[in-house]
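Trainee: Handing you a structure now.
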Amino acid sequence: MGCRGWRRAVERDAAGEPERPAAHAALEAHLALCARCRAGRLDAVALADAFADLRDRPVPPGLVGRIAFAVRREAARREAARREARRWVAASTAAAVVAWAAVTWTLARGGPAPAGSDIAVGGATPVQELVLAGAELPEDIALRLAFHDR
Ligand SMILES: [Zn+2]
């Protein structure tokens, strides 16, 4: 029998469940030779002791409710963080659209482009070309275009 086969016997032994003497002797013989199963028995004994401690102690009043409340509060905190991140993405997109519109408008009027702006006029989109040609666009078209791909 391999170590996998001994696992259940190791767990029963750690939990103090009685074993037939021959089976117990066989387990001890394997444990004498196998460091992996000896370590497994130590872990199983520690776990069994921990559970035994839990069984002997009454649960403090309100503990379950406090844990459930803390879990719900953490879930709400994470959801709020996700909403905040989505708001930042929307605000950043709107700011980028406004900056793009300002640069495009400035270029269309022949004025100097703001520092750091480097619009490739040759590769402009059809909407950018309309703006560059001086066409009037509804004020909100940039925002609608920005959210079109979402
Ligand atoms: Zn083993």
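Bear in mind that the values in this text are calculations on the coordinates, not laboratory data. Everything quoted here is computed from the prediction, not taken from an experiment. With ideal geometry, Cβ positions are generated from the backbone for all residues, glycine too; neighbour counts draw on all protein chains shown.
Trainee: In which sequence would Trp6, Trp105, Trp88 go, from the one with the fewest C-beta neighbours within 10 Å to the one with the most? Please list the in-between numbers first.
Mentor: Values: Trp6 20, Trp105 14, Trp88 10.
Taking fewest neighbouring Cβ atoms as first place, the list is Trp88, Trp105, Trp6.
Trainee: Taking 35 Å as R0, compute the FRET efficiency from the Cβ-Cβ separation of Arg86 and Arg12 and round it to 0.05. Spell out each step's value before the answer.
Mentor: Details: r = 52 Å, r/R0 = 1.50.
Taking R0 as 35 Å, the efficiency between Arg86 and Arg12 is 0.10.
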